[in-house]
């Protein structure tokens, strides 16, 4: 069994991670990559990193590709994480969008990089608290992630009981369906507002319609500067005028999107109305 990850082996892994998933892994992460991937080598019974990478690349081993991706990223999230975004959603973004929906128009919200589902469910809980009849309106929340394994967890809507404390107490009655000594389940009313789908953010996007709100928080930190700028611009182009983009607290807008989005709060941006030049 391998006892270290050579510079050449790390370079090959980093190149594949960039090409397949957009992940940026500088040399400073070599020890971290070794510590995480050596567990996968042991699990599948492969002795060296070169053979393991070849194994991951085989079409028949999509499950191991998911494990590879999960090992290199950190699915750390919680309900109502970075709560100022949900305060903004409640007080600024959602009220006019609910009015828009009541007039018969469509409203679309996207949680990009949704991890285990706490973010889109927090959006749905906030929406239901403001609009009890949201299910009868044309309001939908799309939640996407590149990791099919973590999406399976998200779809169940079941979480350790310790995570319940992050949900505001006034929302728990409608947000939580059942709880036992170890876990709780998000209510059907919340879950029905959210649709989950697998999506690689650096690949083609199948969505045809525009969005009113996009959350993409603590995802771009895994990309290099060029990929980040491209991603922000793609989001900007997919937002309706006056649409809202929420990004992570350690992330910064860059590239062409800076000209299309104006800052209106802590890591909150709003799409400016298109000018004649933009059109």
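Just so you know, all these numbers are worked out from the coordinates, no wet-lab data involved. Please read all numbers here as calculations on a predicted model, not as lab measurements. Reconstructed Cβ throughout: ideal geometry from the backbone, glycine too, with neighbour counts over all protein chains shown.
Data for the structure
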| item | result |
| --- | --- |
| Inter-site label distance for residue 130 and residue 32 at 7 Å from Cα along Cβ, in nm | 3.5 nm |
| Considering only segment 107-253, percent of DSSP beta bridges that pair antiparallel, nearest 5 | 25 percent |
| Volume in Å³ per residue [convex hull over Cα atoms, computed for segment 40-133] | 137 Å³ |
| For segment 115-223, Kirkwood radius (reciprocal of mean inverse C-alpha pair distance, Å) | 14.9 Å |
| Global size of segment 160-234 as Cα Rg and Dmax, reported in angstrom | 17.1, 47 |
| Beta bridges by DSSP in the chain, antiparallel share as percent, to the nearest 5 | 40 percent |
| Residues residue 179 and residue 264, FRET efficiency given R0 of 30 Å [Cβ-Cβ distance, rounded to 0.05] | 0.25 |
| Average projection area in nm² (convex hull over Cα atoms of the chain, one quarter of hull surface) | 16.4 nm² |
| Alpha-carbon centroids, segment 10-84 and segment 141-205: separation in whole Å | 24 Å |
| Pair residue 203, residue 43: separation of 7 Å Cα→Cβ label points (nm) | 2.1 nm |
| Area projected by the alpha carbon convex hull of segment 7-72, averaged over all directions, nm² | 3.9 nm² |
| Rg over Rh, two decimals, segment 150-200 (C-alpha only, Kirkwood Rh) | 0.99 |
| Quotient of C-alpha Rg and 2.2 N^0.38 Å, computed over segment 43-87 | 1.76 |
| Mean residue ellipticity (222 nm) of the chain, computed from DSSP H runs ≥ 4 via -39,500 (n - 2.57), nearest 500 | -11500 deg cm²/dmol |
